[in-house]
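See below for the structure under consideration.
The values are calculated or read from the model by the stated rules, or taken from the named source; none is laboratory data. What you are looking at is a predicted structure, and each value in this text was computed from that prediction instead of being measured. Here the Cβ positions follow ideal geometry from the backbone for every residue, glycine too, while neighbour counts run over all protein chains shown. Surface accessibility is based on the protein's heavy atoms, side chains included, excluding ligands, DNA and RNA. Shrake-Rupley method; radii C 1.70, N 1.55, O 1.52, S 1.80 Å.
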Amino acid sequence: MKGTTKKAITAEQKRLSEEEEGVYWKKWGPYLSERSWGTVREDYSAAGDAWGYLPHDLARSKSYRWGEDGLAGISDRFQLLCFSLGLWNGQDAILKERLFGVVPAEGNHGEDVKEYYFYLDSTPTHSYMRYLYKYPHAKFPYEDLVRENQNRGGKGFEYELLDTGIFSEDRYFDVYVEYAKSSFDDLCVLISVTNRGPESAPLLILPQLWFRNTWSWDGTEQKEPSISVSSRTKSALSLLATDKDAKLLTNLPFEYELGEWFLHAAPSIGAGEVEALFTYNESNVPRVYGSGENRKPFVKDGFHEYLIRGAATINPDNQGTKAGLSYRTELAPGEQVVLPLRLNRSATKPNLAEVSKVVEKRREEADAFYETVHRPGLTQDQKLVQRQALAGMLWTKQAYIFDVNLWLKGDNPSNPPPAGRGDIRNKHWKHLNSNRILSMPDKWEYPWFAAWDLAFHAVPLALVDFEFAKEQLWLLLFEQFLHPSGQIPAYEWEFSDLNPPVHAWAVWRVYNMEKRRKGTGDREFLEKCLHKLLLNFTWWINKVDSEGNNLFEGGFLGLDNITVVDRSEKLPEGVKLEQSDATGWMGFFCLTMMRISLELARENRVYEGLATKFFQHYVLIGAAMKHRGGRDLSLWDEKDGFFYDVMRYPDGGFQQFRVRSLVGLIPLFAVERLEKAWLDPFPDFKKRFEWFLNNRQEQAQRCCWTQKRSDGDAFVLTILDEQQLIRVLQVMFDQSEFLSPHGIRSLSRFHEEQPFRFGDASVRYEPAESDCKIKGGNSNWRGPIWFPTNFLLIESLRRLGNAYGPDYRVPLRGRSLTFTAMAREVALGLTTIFERDSNGRRPVFGGSEKFQNDPHWRDNLLFYEYFHADNGAGLGASHQTGWTGLVAALLDEWA
């Protein structure tokens, strides 16, 4: 139209569009894990002891089978060629090539990284990325960290690296690594190191380039790729990495090879020339296994042995499958050294002088892109929080490579795995085969996908990259992931475990986010997901509703130790644990599937029948939760006004677990509204809906009723009727129960003085780390605040506000609030965990004065796994940006 102006798109938005058109901007990215040692994929032990089979001490010596790791690393999309940073301060006993942490047998809350590193920035195409690692001058206290954490015996807080005193007087290096793509196949790297300490300190900087070992596993000789010196001039040292004729991947439905790539680097740093080092990415067999011979004379730990011990362990022929560039320097107090590198397809044009200019330009373009992401009105500090949260989401992409069938059989037919190993875990998942880029909860503590984590990841990821968010949700429904039975794989430790059924919600949420942003939704995405979700829904019904009574015995469901018994364990014969959260999750699942079906029915009326099915199933579930078959058994407790789990015995007796926890709040998730006017385009659904309300009144009236509103009546669908809803919310919004200044607690504070006891077990309110370790070391659902469940409670309150209207207020202790105001209070409580308060302190950093006050620490955020229920301090995994990254969506919608 004449006079209209098109809104200019940023350079990064243009790259995202080009990616959809086939320009592969995402071919290179942060797809290298922070940890591959201690994972199930690398475990070939007889007993399934993944942590013990390949510990940190052997990681530098054993070639990985399924994926590489490194410091501040990147790789190509199929992780054939990898780049990362090595460091040595002249004091450490080992070359710093990867992060260190304690394992569950050594720590007091499970696996825990003991390093300080920060994902500071990333665009969705990884055209610009920034990473910070803090490297001490002194010898790294590996033994001290293990010993002291073991001494704490699983109680209290973790013993962290700052607690050792190694950063006193700022005796450390700030190591920044920036990546900027000049084009999709031209990567500029800028390594900047500053000495923060009061004295000069030596440092060895070792950029490394290597091929993942894909050639030595089946017992046959295969042609290998190679890395060698391409040229050395006064302006650059160049390495050539080539996989020509090597055939590194044979399990893809298309040809994939890298060809020739060149790593260009400065020939010196200060007065010292760079030393090119070469070895092979092969296991040091005698060290790893105690005996045997190496395939190659120079092996994976060659750089470590040469640089630390002076051993003759690098290849004098200057070639191999692993290369390093050794730069030695000494930095005065406050001094900075900057090292440019370039990885591209050109043999003759290193153009290292351009690196800093490309980095600066891409940094500016990243700023412009994020200005389109931040909603108007955010403070500078809120923008910092949102941008670093999204950076963490984007940095924790990983090339997840795993063929379960091959892993169960073992790699080499002449050297089969130990007998019985195939019965330990995942034997029913032989179809699972991944060569995908997946969003990880955390690339150190959880370097594997987790189903319900990934569903939450998709929401903040959709703020910056709809296509990647949708792809992630689709992948777990793809036939190489979804079990033929319809089960979604839970997580690597045991794919058969049960995660809450949130996938349908995430699909529907992302679909609507895109529809609001672009004006039209991706119907093809929604429809293909629904088809697979139907299989998953049927699996849930057949698997966990064993008696067909619409009460569910879901088992673990991701909440670890929230209840008095281990819900992963098999109960005695005939005993059933009927779970409020499992049944609530299923009501939530039904309503989401109903809404998806109605959306698709706008263009295809066949889906009206599915919408009817899911509505009726929801009604039966809601009725069963409160009254089952005329018996006294109910998950609803009228005296307390709360939902509880019920243990049912073969003789008809039952035991109510009167624990006020998230288990009793999860039925709130099942909330929807159907405005009467909405039903007119769906005549078949409307007719069957009304028939069910009229002819199944006993069930329907328990969880579906009409709300009179000035702007038109609406049907309200909730498992709780109005009075039950108010009673539950009065408990939830009570500061002596669930309401914290920073969100909703996972267990009521009531149980601090009144623990629930059952036999020899008890459940007590613990606002931080829990003493009870049901379901492993990371069992902390007895008080702490968790973002995913809080996010769904906010969603439910918002839907209730839409259903009841803006004038409806809930009577609470000392005040009354609308549903929307309640949602906003919880949302802003969560965001303030990361924001500076009036005293300039961030609750997430707790009592750490270094993080609270030091200008080189205070704005480098950590997105923890869960948070102290009373003061908001971060707890557990320190880089769980996965679902804690939901703070980016909360800032977008509520700040």
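Checking the structure you have, find out if any residue of region 392-414 is open to solvent by less than 10 Å² (accessible area, probe 1.4 Å), touching a helix residue (DSSP H, G or I) at 6+ places or on another chain (Cβ under 9 Å), modelled with pLDDT of 95 or more and not in a helix (DSSP H, G or I). Yes: region 392-414 contains one or more residues that are open to solvent by less than 10 Å² (accessible area, probe 1.4 Å), touching a helix residue (DSSP H, G or I) at 6+ places or on another chain (Cβ under 9 Å), modelled with pLDDT of 95 or more and not in a helix (DSSP H, G or I). With respect to (1) closer than 28 Å to Q754 by Cα; (2) open to solvent by less than 10 Å² (accessible area, probe 1.4 Å); (3) outside any helix (DSSP H, G or I); (4) touching a strand residue (DSSP E or B) at 6+ places or on another chain (Cβ under 6 Å), the lone exception for Q656 is condition (2). Here the condition is being within 16 Å of the chain's Cα centre (by Cα), assigned to a helix (DSSP H, G or I) and touching a residue at least 12 places away in the same chain (Cβ under 8 Å); of F456, F525, it holds for F456 alone.
A quick yes/no check of all residues on (1) modelled with pLDDT of 95 or more; (2) farther than 18 Å from L209 by Cα:
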{"position": "T10", "(1), (2)": "yes, yes"}
{"position": "L16", "(1), (2)": "yes, yes"}
{"position": "E19", "(1), (2)": "no, yes"}
{"position": "G22", "(1), (2)": "no, yes"}
{"position": "K26", "(1), (2)": "yes, yes"}
{"position": "D43", "(1), (2)": "yes, yes"}
{"position": "A47", "(1), (2)": "no, yes"}
{"position": "Y64", "(1), (2)": "yes, no"}
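Inspection of region 264-286 identifies at least one residue that is of a type in the set (D, E, K, R), out of contact with any Asp or Glu (no Cβ under 8 Å at 6 or more places or on another chain) and open to solvent by less than 30 Å² (accessible area, probe 1.4 Å).
Residue count for region 185-222 under the criterion of being on the phi > 0 side of the Ramachandran plot and touching a His at 6+ places or on another chain (Cβ under 8 Å): the result is 0.
Against the criterion of being surrounded by fewer than 23 Cβ atoms within 10 Å (Cβ to Cβ), of a type in the set (D, E, K, R), modelled with pLDDT of 95 or more and under 20 Å from F791 (Cβ atoms), E849 does not qualify.
Within region 404-428, residues that are within 15 Å of A47 (Cα to Cα) and touching a residue at least 12 places away in the same chain (Cβ under 8 Å) sit with their Cβ atoms under 9 Å from residues that are open to solvent by 80 Å² or more (accessible area, probe 1.4 Å) and of a type in the set (A, V, I, L, M), at 6+ positions apart or across chains, in these pairs: P418/A47; G420/A47; R421/A47; I424/A47.
In region 589-606 there is at least one residue that is surrounded by fewer than 22 Cβ atoms within 10 Å (Cβ to Cβ), assigned to a helix (DSSP H, G or I), charged (D, E, K, R) and touching a residue at least 40 places away in the same chain (Cβ under 8 Å).
Kindly evaluate R375 against the criterion of being in contact (Cβ under 8 Å) with a residue 40 or more places away in the chain and either small (G, A, S) or in a helix (DSSP H, G or I) (or both).
no
Among the residues of region 768-777, some residue qualifies, meaning at least one is at pLDDT 85 or above and open to solvent by less than 30 Å² (accessible area, probe 1.4 Å). One residue is enough: does region 528-542 have a residue meeting the conditions outside any helix (DSSP H, G or I), open to solvent by 50 Å² or more (accessible area, probe 1.4 Å) and within 20 Å of A601 (Cβ to Cβ)? Within region 528-542, none of the residues are outside any helix (DSSP H, G or I), open to solvent by 50 Å² or more (accessible area, probe 1.4 Å) and within 20 Å of A601 (Cβ to Cβ). Of the strands (runs of 3 or more DSSP E) lying entirely inside region 659-767, those carrying at least 2 residues that are under 37 Å from the mean Cα position of the chain (by Cα) are 671-675, 714-718, 756-758, 761-763. Sub-6 Å Cβ pairs linking a first residue in region 281-292 that is over 19 Å from S226 (Cα atoms) to a second residue that is of a type in the set (K, R) and surrounded by 13 or more Cβ atoms within 10 Å (Cβ to Cβ), at least 6 apart or interchain, are V288/K62, ordered by first then second residue. If I filter region 682-733 down to residues being surrounded by fewer than 16 Cβ atoms within 10 Å (Cβ to Cβ) and acidic (D, E), which single residue comes out as farthest from S816 (Cα to Cα)? The residue in question is D684. Considering region 466-506, and only residues there that are over 16 Å from the mean Cα position of the chain (by Cα) and charged (D, E, K, R), the residue that is least open to solvent (accessible area, probe 1.4 Å) turns out to be D497.
Within region 457-511, being touching a Lys or Arg at 6+ places or on another chain (Cβ under 6 Å) and modelled with pLDDT under 95 holds for one residue alone: E494.
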